[in-house]
Structures are given as C-alpha cells and as structure tokens.
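This report concerns only the one structure given below.
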Amino acid sequence: MFRQAKWNEPLILEYPDKGFTGLSLDSYSDSTARAVGEIRIPKGVLRDTPPNIPGLPEVEVVRHYTRLSQMSYGVDNGPVPLGSCTMKYNPRIAWWVAFDERIANLHPLQDERTVQGLLEILFELQKWLANITGMDVCTLHPAAGAHGELAGVLTIRRYHEMKGRADLKREIIVPDSAHGTNPASASMAGFVTVTVPTGEDGNIDLEALRAVVGERTAGLMITNPSTLGLFEERIGDIVKLVHEYDALLYYDGANLNGILGYARPGDMGFDIAHLNLHKTFSSPHGGGGPGAGPVCVKDRVVDEDKNIRLSDLLPGYLVVYDEEKGIYRLRHPGPHSVGLIKSFFGNVVPLVWAYVYIASLGPQGLRRVSEHAVLATNYFVKLVEGVRGFEVPYGKGRFRKNEVVLSAKPLAEETGVTAMDVAKGLLDAGFYAPTVYFPLIVKEALQVEFTESEAIENIERYAERLKEISRVAYENPDEAKKWPINTSVKLIDYVKGDHPKTLAPTWRVYVRKQRGELS
Amino acid sequence: MNGMTPDYTQPWISTLNGKDVEKMLKTIGVKSVEELFADIPETYRMKLEDWLRLDIGFGRPLSEVELKRLMDEKLGKNTALRTPPFMGGGVYPHYVPPVVKYIISRGEFLTAYTPYQAEISQGLMQAIFEYQSLMAELLEMDVVNASMYDWGSALAEAVLMVSRVNKGRSKFLIPKNVNPFHKRVVEAYTRPHGIKLVEVEYDRATGEVDLEDVKNKLDGETAGVYVQYPNFFGVIESGVKEVFELAHERGALAVAGVYPVALGLLKPPGELGADIAVGEGQSLGLGMNYGGPHLGIFAVRYDMRLIRQMPGRLIGLTTTKDGSERAFSMVLQTREQHIRREKATSNICTNEALMAIAAAVFMSLLGGKGLRRLAEINYYNAHYAQMKLSEIGLNTRVFKSDFFNEFPISFNGVGVRYKEVHEGLLAKRIHGGLYIGDYYPELGETALFAFTEVHSKDDIDLLAGTLSELLRRGKGVP
Ligand SMILES: Cc1ncc(COP(=O)(O)O)c(C=O)c1O
C-alpha cells in the first residue's frame with residue numbers, strides 16, 4: 001500500500017541561525033582583501049545588515065532538501081500520466097552529459113573558437129530537429145514551449161510587417177481545444193484571438209473555420225494530434241484554406257510524441273513549428289522547468305528582391321558552419337529579425353539532453369517511441385471503456401495518439417464525485433493524476449498520457465484503480481470526497497491560499513501580516 | 001509481424017516485450033500498430049524506409065558506452081581554459097557547490113512536473129516557496145514569483161506589466177547603461193504593444209545614470225523607469241533612490257534590475273523604493289551553461305494592484321482543508337494562461353523551477369552572512385585586479401564611481417586594438433573580457449572584465465602579467 005513520506009519539516013527560514021557561512025571560500029581572497037583594504041561603496045547604497053537568512057551547517061541543508069524531495073513525486077517515483085505533458089523517463093546518461101562541467105562553465109559570450117565542441121552538438125541538433133519536423137531551419141533560442149510560441153507569433157507578425165499589411169493582419173485563429181498558452185502568446189504579440197469550435201468527430205469544424213478565415217487572418221495555431229489525442233484528418237484542407245489568405249500555419253509541437261516518425265508538420269504544410277524538448281525528447285521537467293522550445297520554419301521567401309527568407313525573421317541565434325574557416329559560428333539576429341526573446345543563446349542543458357536522447361535512439365528508436373506511446377493510449381482506452389461514470393467524448397471509435405481525454409461527467413452528475421476527486425483517488429494509490437479540466441471543451445476532463453515509458457502492468461494497474469474509484473463513488477461517495485489520505489498532507493484548502501486576507505506568497509508576507517504590517 | 005519498427009532494443013523504450021505488444025494489439029482489436037496510424041492521410045504518412053533515410057542522429061541507435069565516449073570526444077573540442085573566463089556582462093563564472101547539483105539531481109525534483117496536484121507535491125512546493133521567501137529576504141521585496149526564463153525576459157515582462165498597471169501611459173525610461181542584451185529582449189517583447197522606450201543618458205564621468213536626463217524625460221506619459229545596479233559597466237549606481245523618488249512623484253513605477261551576489265553588499269531594491277525588481281539568479285549556484293538554463297527573478301511590493309498583474313506562477317502558504325496543518329498551494333492562478341487564456345498576464349507556463357530550487361539551496365547553504373562574505377570576496381578580487389591592471393599602465397578607471405566585481409578597461413591609445421589583445425590572451429588559453437565598443441562607440445576600444453570568487457590571486461596575476469607582455473609587444477618592445 002502506498003504511503004508518501006511525511007516529515008514535519010520547517011521552512012529553512014524557521015531554522016535557528018547558527019552563524020555559519022556555508023561555503024569555505026576565504027583562503028582565496030585573504031590576500032586580495034589585504035591589498036585592497038577598505039570597501040569604498042557609498043554609504044547610501046551599502047547594505048546595513050546581511051540578508052535575514054540563517055547560517056546552517058551543510059549537513060542540515062542537505063537533510064532539509066532531501067526531506068522535501070521525499071515529499072515530492074516525479075517520473076522516477078511512478079507513472080505521471082499528465083496529458084499534454086509527455087512525462088516520459090529521463091535517461092540518466094543524458095543527465096550525465098548535460099550536467100557536465102564542460103558545459104556548465106561556458107560563458108554565453110565566450111569566443112566561438114573556444115566552444116567548438118558544444119557548437120558542433122548544437123549544429124547537429126538543429127539539423128536533426130529540422131529533419132524530424134520536415135522543416136528547413138531551426139533556432140534553439142526559446143526557453144520553453146510557450147516561449148517558442150511567442151517566437152513563432154512574433155515571426156508571423158514580422159512576416160506581415162515585411163509584406164506591408166500588419167495593420168490588416170490582426171487575427172490569430174486557434175481551436176477551442178487549444179492549450180491556454182496559444183491564445184496567451186497571440187495576445188503577447190499583439191494579435192486578437194479568434195476561436196473555432198471542434199466538431200463531434202474531434203476535428204476542427206471546417207465550416208466554422210471557413211466562416212472566420214479571411215483577409216484579417218494572420219495565422220492559425222494548432223496542435224496535431226489535438227489535445228483530444230486525435231489526428232486532425234482534414235489538415236490538408238485547413239492548410240490550403242489558411243494559405244489562400246497568405247496567413248501562416250503554426251504547429252504547436254506539444255503532442256509530437258503521438259506521431260514521431262509517422263508524420264511531420266513540414267509535410268503537412270505548416271510554416272512554423274515549435275517542439276518541447278522537455279516533453280518529446282526526454283529532458284526532465286524539473287518540477288516546472290527548465291524546458292527548451294526550439295522553433296523550426298519552412299524557409300519560404302518573404303521578399304524576393306531583397307532575398308529575405310522566413311528564417312531571417314526568427315529571433316535568436318543560429319549555429320552555422322563556416323566552410324572557409326572550418327569552424328562553427330553563431331549567426332546573430334539580423335536587421336529583419338524579431339531580435340532576442342532571451343538574453344543569450346538558449347537553454348543548453350535541455351538541448352544537450354535531447355541531443356543524447358536522439359543520438360541514442362536513432363531514427364528507429366524515435367519511431368518506436370510513438371508506436372509504444374500510441375499503443376499504450378489505445379490499450380488504456382479499451383481497459384477503461386465501459387467503466388461506470390466515465391466516457392470518451394469526441395471522435396467515437398477513432399484511435400487516439402499520444403493521449404486520450406476521459407470525461408467523468410456522468411460520474412459527477414450521478415454521484416457528485418468530480419474529476420478532481422478522481423485525481424485525488426489516483427494519488428492515494430501512489431499514481432500521479434492525469435491533467436484535469438483540460439481541454440476546456442470536455443466537461444470533467446481527465447487527460448491521460450502514458451508515453452512509451454510505462455510497462456503494461458502500470459497501465460493495467462492505473463485502469464484498475466479507476467474502476468475501483470468508480471465503485472467507491474457509486475457505493476460511498478463520501479469516502480471519495482475525503483481523498484487523498486495517503487499523501488504527505490490531506491486535502492488542501494485552496495480558497496485560503498488565494499484569499500487576499502490570508503494570501504502569503506512568501507514567508508516575509510506571512511510574518512508581516514502576523515505583525516499587522518500588511519493587510 | 002506486429003508492425004513495430006524492427007531491429008530495435010533500447011532500455012528506455014523497451015518497457016513492452018513482444019508478448020505485451022501482442023496482448024495489447026489483441027485487446028485493441030488490430031493486427032498491427034500501423035493500423036493505429038491509419039487515420040493520418042496517406043500523403044502525410046511517413047513510410048519506414050523514408051524515415052530511416054533522414055539524417056537524424058547517427059542513422060542507428062548508439063549504445064550507452066558509445067554515446068558517452070562520443071560526447072566526451074565532442075566536449076573535448078571545447079578549449080580547456082587555464083582560468084575561468086574574466087567575463088561577465090550579466091552572466092558570471094561563479095562557484096557551483098556540489099550540494100546544489102546533488103539536490104537538483106534528485107529524481108523527485110528533477111523528474112517532477114509543475115505541481116498541479118498539491119497534496120502529493122508538497123516538498124517540491126515548499127522548496128519553491130522557500131526560493132520565493134529567501135529571494136524576498138535578499139531583495140527585501142514581499143512577493144517573488146516561482147521564476148521567469150531569465151533576466152532579459154523578466155525585465156521585458158516587467159515593462160509589459162508596468163504598462164498594464166499604468167494603463168494609458170505609453171513611455172518607459174530605460175537608461176543607456178543597462179545590459180544591451182536585456183534591452184534587445186525588451187524591444188522584442190514590447191514592440192507589438194506600442195510602448196515607447198525612451199533612452200536615458202549616463203554620466204560620462206561617473207558611469208552612473210544621468211539624474212538630470214531622468215528629470216527631463218520623466219513626464220505624465222511615463223509608465224515606469226528602470227535602473228540596473230550595478231549597471232552594465234559594473235558601476236554601483238549611487239542615485240537609485242533618487243531616481244525612484246522622481247518616478248514616484250510623476251506617478252511612474254520604479255523597476256530595479258539586480259545581480260543577487262552584489263546584494264550581499266548593496267542595499268536591496270525594496271529599501272530603495274522599487275515597485276518591481278528583476279534580475280538574474282544564475283550567480284546563485286547555477287552555472288553559466290552557455291546561456292541557459294538561468295533564472296529570471298521577478299518580485300513586487302505587496303500591493304494587490306501590482307500582484308494581480310504579475311506574470312508567472314506563485315506558490316503560497318495555506319493549510320489543509322481541516323485546518324490542522326500547514327500546506328502549500330499554487331495561488332492567484334486566475335492571472336495565468338491556463339485559466340485566463342488571451343487575457344492572461346503572460347503566456348509563461350514552463351518556467352525555471354529547478355533553477356529556483358538550486359538558488360534556494362545555494363542561499364540556504366551560504367546564509368545571510370555567507371552571502372555578505374561572497375559579495376565582499378567578489379569586491380576584493382575585482383578591486384585587486386583593478387589595482388594590478390592599472391599598475392601595468394591600463395586605464396581601468398573609465399568611470400569614477402566605485403564598481404562591484406566588473407569594470408571597463410580602456411585600450412584606447414595603448415598601441416594595440418582589443419581584438420589583438422584578446423587573441424594574445426587566447427593564445428595562452430586565457431579568456432579576456434567582453435568587448436563593448438560596438439554597443440558604446442563613444443568608449444572606443446573598451447572591454448568589460450569581471451572577477452569573482454572563482455578567480456584566485458594567481459589567476460589575476462597571470463592575467464596582469466600576460467596583458468603587460470602584450471602591451472609591451474604592442475609598443476614594439478619585444
Ligand atoms: C498543447 C500545449 N501547448 C503548449 C504548451 C506550453 O509549453 P511550455 O509549458 O513548455 O511553455 C503545453 C504545455 O504546457 C501544451 O500542453
């Protein structure tokens with residue numbers, strides 16, 4: 001039976017100050033300090049007292065964070081079938097390489113000739129990602145999926161500016177199943193979001209799309225397979241329709257794991273695509289980040305006379321090979337480019353991680369990834385089909401790809417046990433929960449994605465637990481409302497956390513509120 | 001037979017054996033996995049042989065032993081420098097304690113997702129909350145978010161936030177002596193929103209923000225003012241408080257840019273009157289990583305008008321539903337993209353949480369006094385270097401005002417261009433500073449050199465000796 005570790009671990013700021021200074025660095029600097037003498041910083045900007053942080057022995061710090069880690073749950077602990085997140089195993093060989101000091105110690109502005117090894121890796125990665133997506137040029141600059149989206153929509157904006165009709169091209173179309181970052185990114189690039197509905201078959205409603213596509217359309221952003229896990233069957237028609245208005249097609253690569261090696265956004269006619277290396281390419285999610293969101297484009301001509309291509313508009317740096325000198329170089333963003341959306345190159349650790357993953361699997365392995373993942377999804381669908389209280393809305397009878405969305409609507413209506421309660425019931429059995437209440441078009445949604453990493457037994461156990469949850473919900477819904485009880489804490493009060501009176505996003509705020517300094 | 005891509009075994013994706021696959025296919029009711037992809041229109045469906053022909057990886061799976069060797073070979077092509085580079089400009093060579101690397105490599109943190117399910121993620125959430133809380137102490141600001149991508153994007157989001165809070169005001173003041181890379185990020189983010197970035201001059205004698213110019217440019221149209229301290233030249237701005245007071249007088253918001261290591265010695269932005277503080281957490285135990293992952297710091301004063309417009313995730317303190325114990329949850333999510341969509345305060349989703357934990361471990365390890373000490377060491381080493389380098393005849397006081405751990409060195413009139421100096425150093429496997437003449441043509445042949453706790457006295461002496469030799473050669477002295 002599952003029981004999560006529980007330590008009554010105080011905050012580090014609640015530990016008594018033992019006066020230690022942690023690192024021993026002094027021997028290095030005694031002589032320089034003597035030579036320099038006084039610190040001459042003007043009084044008005046010199047800090048009066050050191051930061052209010054206790055000084056602890058190293059062992060206490062290690063124990064503290066080790067205990068915290070034990071009250072945490074990742075792929076290393078068990079299945080994390082969060083839909084849309086592609087929580088696969090994060091191979092340790094990639095950790096070994098990506099965390100290497102020969103990468104950690106490189107300054108982003110270092111002379112290119114001193115970082116040839118790394119640039120070679122990044123150059124090859126650019127090329128591989130271009131081939132994997134069927135695109136021409138990839139920039140490794142963006143730090144996450146949403147950051148890639150921003151790079152993409154800013155590029156779309158630049159494209160229309162260069163064509164002299166930025167004032168007209170004001171709208172970005174997204175389906176109603178889209179991830180929240182899509183419309184949010186569109187807004188950040190100054191566009192208006194237009195939403196199109198999804199049909200019963202799980203495809204975008206083509207008639208509705210026809211009704212909104214027009215002269216004002218700057219671009220369309222879609223995820224394919226969609227967040228319902230369904231391949232957009234009429235993608236050809238959609239691409240044609242959107243291109244008729246010289247709008248660009250943006251591919252949100254969050255679900256690439258479902259078609260890796262079987263279909264490529266470039267072949268489907270997309271102009272711009274981002275990938276989430278922290279999803280499809282095994283870089284770990286780190287409890288929220290870092291990620292890496294490379295953006296790839298078809299290098300279509302933007303201005304024939306000036307020989308400007310879409311890749312010239314991309315933000316960030318490109319690694320190029322200088323044939324003449326025989327070295328790798330960085331191509332800095334040029335005059336037509338969006339510029340920089342991050343201070344320096346990109347998130348290199350996840351990039352190298354992805355490189356190791358791709359090199360290790362080879363094309364054979366990458367295709368196996370989607371085969372396993374899709375097999376896992378559809379096997380799971382069969383196991384849970386017919387479980388009382390759950391249904392699989394949209395695209396009846398269609399095979400899913402990387403993920404499937406269940407609806408607990410009947411369960412909620414008949415027993416009062418909601419998708420969130422179901423999620424807590426899964427936690428209680430030692431599994432992480434699926435993504436809940438997303439996509440928004442499914443009521444009481446549970447979005448499940450096993451990836452290629454889960455053994456058949458884990459999928460079966462997960463399905464068994466769902467059955468068990470259903471049984472409890474119908475027999476004794478009150479019990480289901482008490483979940484979880486095996487996690488390090490029981491059900492949490494979210495309202496209190498959010499209430500302006502009790503809101504405490506830092507310990508400082510909490511203490512100041514206690515003292516009556518803040519209200 | 002079962003349609004699976006043949007000839008393949010790799011431990012990470014060999015979770016299903018042949019028997020499993022048979023069972024699954026049978027349950028699903030298909031003969032071959034390929035049938036599961038049949039709804040992809042044929043024109044777009046990739047044939048196995050076409051896929052295998054593509055230049056992806058090395059054309060075949062590599063074994064782990066092969067792979068490690070290959071990567072060692074590749075990384076071996078990076079130049080092994082004799083000392084850490086004498087280079088800053090927003091990213092600095094600092095010591096990364098093994099404790100930090102160890103903690104962030106623990107699978108429970110490393111392989112977790114954003115803590116959507118709080119009850120099973122309390123340790124992770126406490127660690128992020130501790131980052132927010134420790135950073136709040138360092139900054140003396142009340143509210144710190146769970147991280148942005150980096151300093152540049154944090155600053156850009158701050159400018160966007162300022163224009164939302166001060167709706168209707170179109171100008172934002174940004175001094176010329178802030179990091180030019182950050183400025184480029186701000187330009188890219190703000191361009192679609194019609195925000196007018198107004199450049200403020202710096203005083204050519206001191207290197208500090210020109211207070212008179214701030215006064216001249218601040219008006220009723222100004223939404224906010226930014227000051228970076230130490231500024232891009234490494235110079236400690238002594239008038240931050242004055243600038244912020246001026247901003248407040250005109251109803252503009254005050255945004256501070258900080259280098260956390262320097263805050264061991266410098267007054268925190270909260271004390272100087274900042275409404276928003278941004279910065280780069282890379283110096284707190286992260287490694288430079290050739291540009292990322294880094295850690296964008298984003299903090300605001302406790303004011304609901306500001307807090308509600310913040311970008312990014314926030315972990316807050318709460319209790320269990322029965323009120324019996326302390327707990328952590330994600331708070332004020334209604335600002336975020338997954339709920340507010342196109343009206344969200346930002347599109348950020350994946351952030352730099354693991355880097356935030358690294359910074360938390362680092363700050364816990366050093367404690368307040370250790371952070372002070374670290375700042376002092378940086379100060380001493382850089383000032384020692386300044387003395388040594390001026391002894392060999394270099395102009396190391398381009399600006400009068402005191403600096404923290406980096407300063408510009410002028411190579412004007414020494415008889416050699418900085419490019420040649422750089423080549424000369426590199427020939428000895430020493431990496432000099434950052435040439436800034438392109439960003440500041442008025443400074444001519446000038447390079448920014450940084451010194452931290454990882455540079456020993458011997459390193460600095462080596463640099464001085466080598467530079468001295470190069471200068472002599474430049475003057476024609478053998
Ligand atoms: C469909 C989809 N699009 C975009 C994103 C955003 O990616 P990221 O979190 O890396 O910014 C996500 C994941 O969170 C996603 O699931």
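Restricted to region B:359-377, and to residues that are in contact with a Phe, Trp or Tyr (Cβ under 7 Å, 6 or more places away or on another chain) and of a type outside the set (Val, Ile, Thr), which residue is nearest to the other protein chains (Cβ to nearest Cβ)? Selected residue: B:GLY367. Of the helices (runs of 4 or more DSSP H) lying entirely inside region A:450-504, those carrying at least 2 residues that are surrounded by fewer than 19 Cβ atoms within 10 Å (Cβ to Cβ) and of a type in the set (Asp, Glu) are A:456-475, A:477-480.
This table checks each residue for (1) out of contact with any helix residue (DSSP H, G or I) (no Cβ under 6 Å at 6 or more places or on another chain); (2) surrounded by fewer than 24 Cβ atoms within 10 Å (Cβ to Cβ).
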site	(1), (2)
A:PRO315	no, no
A:LEU318	yes, yes
A:GLY326	yes, yes
A:HIS336	no, yes
A:LEU340	no, no
A:TYR355	no, no
A:LEU361	yes, no
A:LEU375	no, no
A:VAL381	yes, yes
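A count restricted to region B:262-293 and to residues that are more than 8 Å from every other protein chain (Cβ to nearest Cβ), more than 24 Å from B:MET161 (Cα to Cα) and outside any loop (DSSP other than H, G, I, E, B) stands at 2.
Is it the case that some residue within region A:447-465 is closer than 21 Å to B:TYR116 by Cα, free of Cβ contacts under 8 Å to residues at least 24 places away in the same chain and out of contact with any helix residue (DSSP H, G or I) (no Cβ under 9 Å at 6 or more places or on another chain)? No: zero hits. Taken together, A:ASP246, A:ASP267, A:ASP271, A:ASP167 contain a single residue that is more than 16 Å from the ligand (Cβ to nearest atom), under 26 Å from A:ASN307 (Cα atoms), of a type in the set (D, E, K, R) and surrounded by 21 or more Cβ atoms within 10 Å (Cβ to Cβ), which is A:ASP271. At least 2 residues being free of Cβ contacts under 8 Å to residues at least 12 places away in the same chain and more than 23 Å from A:LEU82 (Cα to Cα) is the threshold, and among the helices (runs of 4 or more DSSP H) wholly inside region B:61-153 those reaching it are B:64-75, B:98-104.
The set of residues in region A:21-71 being more than 7 Å from chain B (Cβ to nearest Cβ), farther than 21 Å from B:ILE103 by Cα and small (Gly, Ala, Ser) consists of A:SER27, A:GLY37. The set of residues in region A:170-185 that are surrounded by fewer than 24 Cβ atoms within 10 Å (Cβ to Cβ) and within 23 Å of A:ALA254 (Cβ to Cβ) comprises A:GLU171, A:ASP176, A:GLY180.
Considering A:GLY219, A:GLY190, A:GLY229, A:GLY253, the condition of being within 21 Å of A:PRO315 (Cβ to Cβ), modelled with pLDDT of 95 or more and within 14 Å of the ligand (Cβ to nearest atom) is satisfied by A:GLY253 alone.
Residues in region A:385-403 that are buried (at least 21 other Cβ atoms within 10 Å of the Cβ) and farther than 27 Å from B:PRO6 by Cβ: A:GLY389, A:PHE390, A:TYR394, A:GLY395.
Listed by position, the strands (runs of 3 or more DSSP E) enclosed by region B:294-358 that each have at least 1 residues that are surrounded by fewer than 24 Cβ atoms within 10 Å (Cβ to Cβ), within 8 Å of chain A (Cβ to nearest Cβ) and of a type in the set (Ser, Thr, Tyr) are B:315-319.
Looking only at region B:368-395, residues that are surrounded by fewer than 19 Cβ atoms within 10 Å (Cβ to Cβ), touching a residue at least 60 places away in the same chain (Cβ under 8 Å), of a type in the set (Gly, Ala, Ser) and in a helix (DSSP H, G or I) come to 0 in all. Criterion first (surrounded by fewer than 24 Cβ atoms within 10 Å (Cβ to Cβ) and aromatic (Phe, Trp, Tyr)) does B:PHE232 satisfy it? In short, no. The strands (runs of 3 or more DSSP E) found wholly in region A:276-361 and carrying at least 2 residues that are away from the ligand (no atom under 16 Å from the Cβ), hydrophobic (A, V, I, L, M, F, W, C) and within 13 Å of chain B (Cβ to nearest Cβ) occupy A:327-331. The requirement of being within 8 Å of another protein chain (Cβ to nearest Cβ), out of contact with any Phe, Trp or Tyr (no Cβ under 7 Å at 6 or more places or on another chain) and of a type outside the set (D, E, K, R) is fulfilled somewhere in region B:424-431, by at least one residue. Residues in region A:391-421 that are touching a helix residue (DSSP H, G or I) at 6+ places or on another chain (Cβ under 9 Å) and in a helix (DSSP H, G or I): A:LYS409, A:LEU411, A:ALA412, A:GLU414, A:THR415, A:ALA419, A:ASP421.
Looking at B:ALA344, B:ALA358, just one residue is of a type in the set (A, V, I, L, M) and within 16 Å of the ligand (Cβ to nearest atom), and that residue is B:ALA344. Taking region A:72-159 and the helices (runs of 4 or more DSSP H) fully enclosed by it, the elements with 2 or more residues that are more than 7 Å from every other protein chain (Cβ to nearest Cβ) are at A:92-98, A:116-133. The numbered conditions (1) at the interface with chain B (Cβ under 7 Å from one of its Cβ atoms); (2) basic (Lys, Arg); (3) under 22 Å from A:ILE469 (Cβ atoms); (4) not in a helix (DSSP H, G or I) are all true for A:ARG388 except (1). Within region A:197-216, the residues that satisfy the criterion of being within 16 Å of the ligand (Cβ to nearest atom) and either in contact (Cβ under 8 Å) with a residue 40 or more places away in the chain or within 14 Å of another protein chain (Cβ to nearest Cβ) (or both) are A:THR198, A:GLY202. In region A:394-401 there is at least one residue that is hydrophobic (A, V, I, L, M, F, W, C) and within 7 Å of another protein chain (Cβ to nearest Cβ).
Condition check: surrounded by fewer than 24 Cβ atoms within 10 Å (Cβ to Cβ), on the phi > 0 side of the Ramachandran plot and without any contact (Cβ under 8 Å) to a residue 60 or more places away in the chain. Does B:GLY273 satisfy that? Yes.
Conditions (1) buried (at least 16 other Cβ atoms within 10 Å of the Cβ); (2) assigned by TED's automatic domain parsing to the domain that holds B:LEU67, marked per residue:
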| residue | (1), (2) |
| --- | --- |
| B:THR5 | yes, no |
| B:MET24 | yes, yes |
| B:TYR44 | yes, yes |
| B:LYS47 | no, yes |
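The values are calculated or read from the model by the stated rules, or taken from the named source; none is laboratory data. All values derive from a computational prediction rather than experimental measurement. Here the Cβ is made from the backbone with ideal geometry for all residues, glycine too, and neighbour counts use every protein chain on show.
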